[in-house]
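Let me begin by presenting the structure, written as structure tokens, before commenting on it.
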Amino acid sequence: MEKLYLRLLENNKTWVKEQLDLDPAYFEKLSKGQSPEYLWIGCSDSRVPANQITGTEPGEVFVHRNIANMVVHSDMNMLSVLSYAVEVLKVKHIIVCGHYGCGGVIAAMKNQQFGLIDNWLRHIKDVYRYHHKELDAIEDENERARRFVEVNVQEQVHDLGKTSIVQNAWKRNQPLHIHGWVYDINDGLINDLKVTFTCTKDLHKVYHLD
Ligand code: CO
């Protein structure tokens, strides 16, 4: 039982062999550096792996994942990933991808205490408050949770636009599009919410930074 993890190391050897069979120079090429065009901000949920669900390969997507795909302005981890992706790698697209059935979002709808994580969930509760009129009007709890997942992604797209990192890139005329997507764990399909931000004027003017 406790040796089950060894399967992962065995899988790794098999995978290396498969890659080398396809292309003997595979790792040599990857070792030279990365120039991904996408930054993915997704949920830590084990069912939503960025590369697999988008059919992308190692080297194509720079990834940041946390509970409920949040963009929290005091999160040094997120800011460091964002800064490196935008300023050094110069990714062209940032994708915030939530998912229906997100445990973090569902927990944020409840009043139960969960412990330390409550401090993280509070950011998601704030999103509920911004959208409470629309969300409270949805009677079916499952439908309300699905819509909450969508508006949470929309807010994270906004939150990325509010950062000086993103606004300075736009100021330099660096092409940078921010997208909001929701993955459906029920059928594997991604729903493009079409909330794409491409410049500072997509934000309310109170957020514009000179
Ligand atoms: Co989730």
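The values are calculated or read from the model by the stated rules, or taken from the named source; none is laboratory data. Everything numeric in this text was worked out from a predicted model, so none of it was measured. Cβ: placed from backbone, ideal geometry, glycine included. Neighbour counts: every protein chain shown. Calculation scope for accessible area: heavy atoms of the full protein, side chains included, ligands and nucleic acids excluded. Shrake-Rupley method; radii C 1.70, N 1.55, O 1.52, S 1.80 Å.
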Discussion item. Within segment 78-102, take every residue that is open to solvent by less than 50 Å² (accessible area, probe 1.4 Å) and farther than 13 Å from VAL166 by Cβ and give me the one that is nearest to the ligand (Cβ to nearest atom).
Written reply: CYS102
Item to complete: Kindly provide the set of residues from segment 24-66 that are assigned to a loop (DSSP other than H, G, I, E, B), within 13 Å of the ligand (Cβ to nearest atom) and either open to solvent by 70 Å² or more (accessible area, probe 1.4 Å) or at positive phi (or both), ordered by number.
Response: SER46, ARG47
Item to complete: Using the structure shown, decide if ASN142 is assigned by TED's automatic domain parsing to the domain that holds HIS93 and either part of a loop (DSSP other than H, G, I, E, B) or exposed (fewer than 13 other Cβ atoms within 10 Å of the Cβ) (or both).
Response: yes
Practice prompt. Inspect segment 179-195 for any residue being in contact with a His (Cβ under 8 Å, 6 or more places away or on another chain), of a type in the set (A, V, I, L, M, F, W, C), in the same structural domain as MET76 (by TED's automatic domain parsing) and in a helix (DSSP H, G or I) and give the result as yes or no.
Written response: no
Worksheet item: Does ARG122 satisfy the condition of being out of contact with any Phe, Trp or Tyr (no Cβ under 9 Å at 6 or more places or on another chain), assigned to a helix (DSSP H, G or I) and over 18 Å from ILE95 (Cα atoms)?
Response: yes
